[in-house]
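The values are calculated or read from the model by the stated rules, or taken from the named source; none is laboratory data. These numbers were taken from a predicted model, which means no experiment stands behind them. We place every Cβ from the backbone using ideal geometry, glycine too, and count neighbours over all the protein chains shown. Note: accessible area is taken over every heavy atom of the protein model, side chains too, but ligands, DNA and RNA are not part of it. Shrake-Rupley method; radii C 1.70, N 1.55, O 1.52, S 1.80 Å.
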Amino acid sequence: MHSDSRRNFIKTTAMAAAAFTIVPRHVLGGKGYLAPSDRLVIAGVGVGGKGRSDLNSFFQSGKADIGFLCDVDDRMTATSRERFPKAKFYKDWREMFEKEAKSFDAVSVSTPDHNHAVIAMGAMQLGKHVYVQKPLTHDIYEARMLTKAADRYKVVTQMGNQGASGDGVRQLREWYDAGVIGDVHTVYIWTNRPIWPQGIPWPKEKPPVPKELDWDLWLGTAPQKDYVDNLIPGSWRGWWDYGTGALGDLGCHLIEAPFRVLNLKYALDVQASVSSVFTAFGQRGFFPDSCPPASHATLTFPKTDKTKGKVTMHWMDGGIKPERPEELGPDELFGDGNSGILFIGTKGKMMASEYAANPRLLPLSRMQEVKVKQTLKRVPGSADGHYAQWVEGAIAGYGNMELSSPFSLAGPLTEAVLMANLAIRVADIPVPRKSGRGNDYPGSNTKLLWDNEQMRVTNFDAANQFVKREYRQGWGNLG
C-alpha cells in the first residue's frame, strides 16, 4: 500500500473526529450488521502476547471466528498464525481495513497504547464493533473522542479490563449499596508495578532494526525515532511516547472497582509526587522520555448519587503501599500482596485484590457476620467471561445487551488514569532557579485544577501539552 493511499485512508476513514463521516449502509450491511451464520468474524490488530490470548478467548466463546490477523512484528505472530491458519495476514492495519472491511464484523486492538485510538476510531468509522485493550487510549483527548464515537456510530464496545465482568466488583457494590461500610470518602489503590525499567535515559545505541519488524508501522502515531533494543515486546510501557507507565498497565484494572461502586466519572483535580533518580551525589537526573520508578497521585472526585461528599482517591505504584488498616491483623494479607484496593467508609472498610477479586470486609470476622442479598446479575464465567460477553453483545447488536466496560464507562475511567499521569509527568519537570543554583520542581507542589468541558488544566499550563499530542506526519489526528 503506497504512502499516499495510506494517508488518504487515514484522512477519509479513521481520523477527523471534528467531522465524522458515516459509512454508507451498503458497506456495513445495515446497522448492527451480523454475519449470515450469526457468528462474529473478528480482525485482530496486534496478535502476539496479550493479543494472542485475547483472540483465543474470543474464539473459545464458540461464537467467533478469527478471520484476519495483523501485526508489525513477525516474531510475535507465529503462535496466532498457527492457531488460526485460515486467517488472512496483514502487517498494516490500514491496508487490511481498506481491502477487507466487508469481510469482518469486529476488530480487537491489542497494540502498544500509543496506537489504540487511531485503530479503534478507524474501525468504528467502518461500523465495526471494537474491543480495545486497556488503557483505552494514550491521551485524555483520545479517550473523550472514542467515547463520543462509540455512541455516534452505534457499535458495541468493550475495554480489556476483565475485572469489570468479575464477581468481585459486584459483591463490593452490593455491600456498599446495603450500607455495610457507610459513606465512602477515601479510596487507596496500590501496585508493585512497574516490573520493567523506568526512570532511565533513552538509549544512545542505534542497533539495526530486526528484519522481522516493520519499525515505521510500530511507531505509528509516535514521533520518529531510531530503533532501540529492549523496547519490544513489553518494556515500551515505561516510555511516555508509547506507554502510560504503571497506571496504564494496571490502573484500569484497579480503579474500575471504585468507579463502579461509587459511580465516579470525571475528576476535579489531581496532584502527585514521584521518586527521584540521582545520577551522582547531589545530582538529580532528568529523564523526560521515561516514566518515574514510583509515584503517588491523588485525585479528587465530585459528590455522586452514591456518596455524601467528594471522594479522594490515592494511587501508589513502584511498591509503595498505604498504611495497613488497624482492622487488619498483623499477619493478614493486605490486598493480594502486590496490589490492592481499600475503601474507607464512615461505618467500616472493605478491600479487594487486583481485578477486584477476593473482596473482603474488615475486620475479616465481618465476612461471617454480614449477609447481604445478591441484587446484581453475574457475568457467566466471571472475569473470564468478559470476552464472550463482548462477542455476544456484538452479535446482538448495539443497544441490545448490557456490557461490563463499554466506552461510555471505559472512556471516563481511562481519563481518570491519564489525569493522574498528567500530574506525574509534570512533577519531575525542572525549572532553573533565578539564582542560577539548582532547579525547582513546581509541578510537584501544585494541585492541577481540571476544566472538564474544555479538557485543560487551568492553573498549570505545562500540563496541557500532555492532554492531546500531535501525531506523526502521515498519521492524521482525531480532530
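Worth pointing out:
- Odd one out for Phe97, checked against (1) open to solvent by 10 Å² or more (accessible area, probe 1.4 Å); (2) in a helix (DSSP H, G or I); (3) aromatic (Phe, Trp, Tyr): (1)
- Selected residue (only one of Glu402, Glu392 is over 19 Å from Ala294 (Cα atoms), of a type in the set (Asp, Glu) and touching a Gly at 6+ places or on another chain (Cβ under 9 Å)): Glu402
- Single match in Asp241, Asp216, Asp269, Asp229 (criterion: surrounded by fewer than 21 Cβ atoms within 10 Å (Cβ to Cβ) and touching a strand residue (DSSP E or B) at 6+ places or on another chain (Cβ under 8 Å)): Asp269
- Sole exception among (1) more than 24 Å from the chain's Cα centre (by Cα); (2) over 24 Å from Tyr176 (Cβ atoms); (3) in contact (Cβ under 8 Å) with a residue 12 or more places away in the chain for Asp317, by number: (1)
- Close contacts from the stretch 413-438, counting a first residue that is on the phi > 0 side of the Ramachandran plot and a second that is open to solvent by 60 Å² or more (accessible area, probe 1.4 Å) and not in a loop (DSSP other than H, G, I, E, B), with Cβ to Cβ under 9 Å and a gap of 6+ residues or different chains, come to Gly438/Arg284; Gly438/Pro432.
- Looking only at the stretch 272-303, residues that are buried (at least 16 other Cβ atoms within 10 Å of the Cβ), under 30 Å from Gly182 (Cβ atoms) and not hydroxyl-bearing (Ser, Thr, Tyr) come to 5 in all.
- Pair list, Cβ under 7 Å, 6 or more apart: the stretch 246-269 residue touching a residue at least 60 places away in the same chain (Cβ under 8 Å), other residue of a type in the set (Phe, Trp, Tyr) and open to solvent by 10 Å² or more (accessible area, probe 1.4 Å): His253/Tyr355; Val261/Tyr176; Ala267/Trp450; Leu268/Trp450; Asp269/Trp450
- Subset of the stretch 275-290 (residues that are in a strand (DSSP E or B), more than 21 Å from the chain's Cα centre (by Cα) and either among the hydroxyl-bearing types (Ser, Thr, Tyr) or closer than 22 Å to Phe466 by Cα (or both)): Thr279
- Of all residues in the stretch 405-439, those that are surrounded by 13 or more Cβ atoms within 10 Å (Cβ to Cβ) and either of a type in the set (Phe, Trp, Tyr) or farther than 30 Å from Ala388 by Cβ (or both) total 13.
- Within the stretch 316-399, strands (runs of 3 or more DSSP E) holding 3 or more residues that are modelled with pLDDT of 95 or more and open to solvent by 30 Å² or more (accessible area, probe 1.4 Å): none
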